[in-house]
Amino acid sequence: MRYEIVGDRIVDLSQMLEPGIPAPVGFPDPKLEFFKRMDEGNVINVEKITFCPHSGTHIDAPFHFVQDGITVEQVDPGVIMGTAVVVDLRHLEDGAPIERSDVEKWEKESGETIREGDAVLLMTRFSRYWELNDPEEKFLNRKWPYITRSVADYFLEKKIRLVGVESMDLDLIDPYDLSTSEFIGHRTFLPNGIYIIENLKNLEKIGKPRCSIIASPLKIKGATGSPVRVIAIV
């Protein structure tokens, strides 16, 4: 049932991949450069695209944090197809920890239960701070709600297949110095085959606690991640 896609309304959950998007310091800007142009006498337009696979809306493959983990071309495309549950955490303040109790409270109040094999999308509305070139560094410097040990272990118990968040990272990190971060979520999920999608948007437009999602990473041999165009079917 995990692969069943049901619904008749489409919601695009992906940020645009373009120069100037928010990213940790040292991550290269996406670039699109034309090496053949019709306005320069060529018969076609053709470009070269350069990007870091962990910028924009993207999936992390286990190799991102696990030395002998699988790389992105080995990821089962079905991981980001099928059932998804949208956990409404909009009441959390910026920089708040996401605890197991927050998710259990949502389950009780919504009448929904996170099921084995679900993709879990954490709706915090942090994506509202996304801004090109971020002149006030609202997205980069503002702390986002982040995964704690208690909720990481809870999702592990539930045997979910995927966690999606609206921030550039599901963990509490310093985007200026990643070496200072514990990466509790990454180091819990990826070794256990639970994949991670970051920089989602429009989760509030789904309008219900359950939907189907469909997407696929690029088949890049040896890569630690890939951009994804994530679509919700409601």
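Being in contact (Cβ under 8 Å) with a residue 12 or more places away in the chain, among the aromatic types (Phe, Trp, Tyr) and exposed (fewer than 14 other Cβ atoms within 10 Å of the Cβ) narrows it down to one residue among Phe27, Phe51, Phe35, Phe65; which is it? Please lay out each step first, then the result.
Details: Phe27 fails: exposed (fewer than 14 other Cβ atoms within 10 Å of the Cβ); Phe51 fails: exposed (fewer than 14 other Cβ atoms within 10 Å of the Cβ); Phe65 fails: exposed (fewer than 14 other Cβ atoms within 10 Å of the Cβ).
Selected residue: Phe35, the only one of Phe27, Phe51, Phe35, Phe65 that is in contact (Cβ under 8 Å) with a residue 12 or more places away in the chain, among the aromatic types (Phe, Trp, Tyr) and exposed (fewer than 14 other Cβ atoms within 10 Å of the Cβ).
Among the residues of the stretch 13-24, which ones are farther than 23 Å from Ser216 by Cβ and buried (at least 19 other Cβ atoms within 10 Å of the Cβ)? Write out each step before concluding.
Filtering the stretch 13-24 down to residues farther than 23 Å from Ser216 by Cβ leaves 19-20, 22, 24.
Residue satisfying the conditions is Pro22 alone.
Any residue in the stretch 5-16 that is closer than 9 Å to Arg229 by Cα sitting within a Cβ distance under 9 Å of a residue that is surrounded by fewer than 19 Cβ atoms within 10 Å (Cβ to Cβ) and among the polar types (S, T, N, Q)? List the pairs, counting only those 6 or more apart or interchain.
Asp12/Asn202; Leu13/Asn202; Ser14/Asn202
Hey, Thr113 hits all of (1) surrounded by fewer than 13 Cβ atoms within 10 Å (Cβ to Cβ); (2) touching a Ser or Thr at 6+ places or on another chain (Cβ under 9 Å) but one; which does it fall short on?
So the condition that Thr113 fails would be (2).
Tell me, which residue of the stretch 1-12 that is surrounded by 10 or more Cβ atoms within 10 Å (Cβ to Cβ) and among the charged types (D, E, K, R) is nearest to Ile80 (Cα to Cα)? Spell out the reasoning first.
So in the stretch 1-12, the residues surrounded by 10 or more Cβ atoms within 10 Å (Cβ to Cβ) come out as 2-3, 5-7, 9-12.
Next cut, among the charged types (D, E, K, R) only: 2, 9, 12.
Details: Arg2: 10, Arg9: 18, Asp12: 14 Å.
Ranking the qualifying residues of the stretch 1-12, first place goes to Arg2.
Taking the stated definitions as given, is Ile196 assigned to a strand (DSSP E or B) and among the β-branched types (Val, Ile, Thr)?
Working: assigned to a strand (DSSP E or B): yes; among the β-branched types (Val, Ile, Thr): yes.
Taking the combined requirement at face value, the residue satisfies it.
Yes or no, residue by residue, for (1) of a type in the set (S, T, N, Q); (2) touching a Cys at 6+ places or on another chain (Cβ under 9 Å):
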| site | (1), (2) |
| --- | --- |
| His186 | no, no |
| Asn192 | yes, no |
| Asn202 | yes, no |
| Ser212 | yes, no |
| Gly222 | no, no |
| Val234 | no, yes |
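Mind listing whichever residues of the stretch 135-158 are in a strand (DSSP E or B) and modelled with pLDDT under 95? Quick ask: steps written out before the conclusion?
First, pick out the residues of the stretch 135-158 that are in a strand (DSSP E or B): 146-147.
If the condition is that a residue be in a strand (DSSP E or B) and modelled with pLDDT under 95, then no residue fits.
Restricted to the stretch 89-106, and to residues that are in contact (Cβ under 8 Å) with a residue 12 or more places away in the chain and outside any loop (DSSP other than H, G, I, E, B), which residue is nearest to the chain's Cα centre (by Cα)?
Among those residues, the one meeting the criterion is Ile98.
Given the options Leu170, Leu121, Leu190, Leu132, name the one that is surrounded by 15 or more Cβ atoms within 10 Å (Cβ to Cβ) and either in a loop (DSSP other than H, G, I, E, B) or out of contact with any helix residue (DSSP H, G or I) (no Cβ under 9 Å at 6 or more places or on another chain) (or both).
Working: Leu121 fails: either in a loop (DSSP other than H, G, I, E, B) or out of contact with any helix residue (DSSP H, G or I) (no Cβ under 9 Å at 6 or more places or on another chain) (or both); Leu190 fails: either in a loop (DSSP other than H, G, I, E, B) or out of contact with any helix residue (DSSP H, G or I) (no Cβ under 9 Å at 6 or more places or on another chain) (or both); Leu132 fails: surrounded by 15 or more Cβ atoms within 10 Å (Cβ to Cβ).
That would be Leu170, the only listed residue that is surrounded by 15 or more Cβ atoms within 10 Å (Cβ to Cβ) and either in a loop (DSSP other than H, G, I, E, B) or out of contact with any helix residue (DSSP H, G or I) (no Cβ under 9 Å at 6 or more places or on another chain) (or both).
Considering only the stretch 64-88, state which residues are closer than 23 Å to Ile184 by Cβ, among the hydrophobic types (A, V, I, L, M, F, W, C), within 16 Å of the chain's Cα centre (by Cα) and not in a strand (DSSP E or B).
Passing the criteria: Phe65, Val72, Val75, Val79, Ile80.
Of the residues Lys208, Lys221, only one is closer than 19 Å to Val72 by Cα and exposed (fewer than 15 other Cβ atoms within 10 Å of the Cβ); which? First the steps, then the outcome.
Working: Lys208 fails: closer than 19 Å to Val72 by Cα.
Answer to the selection: Lys221.
The values are calculated or read from the model by the stated rules, or taken from the named source; none is laboratory data. Just so it is clear, the model here is predicted, and its values are computed rather than measured. Heads up, the Cβs are rebuilt from the backbone with ideal geometry, glycines too, and the neighbour counts pull from every protein chain shown.
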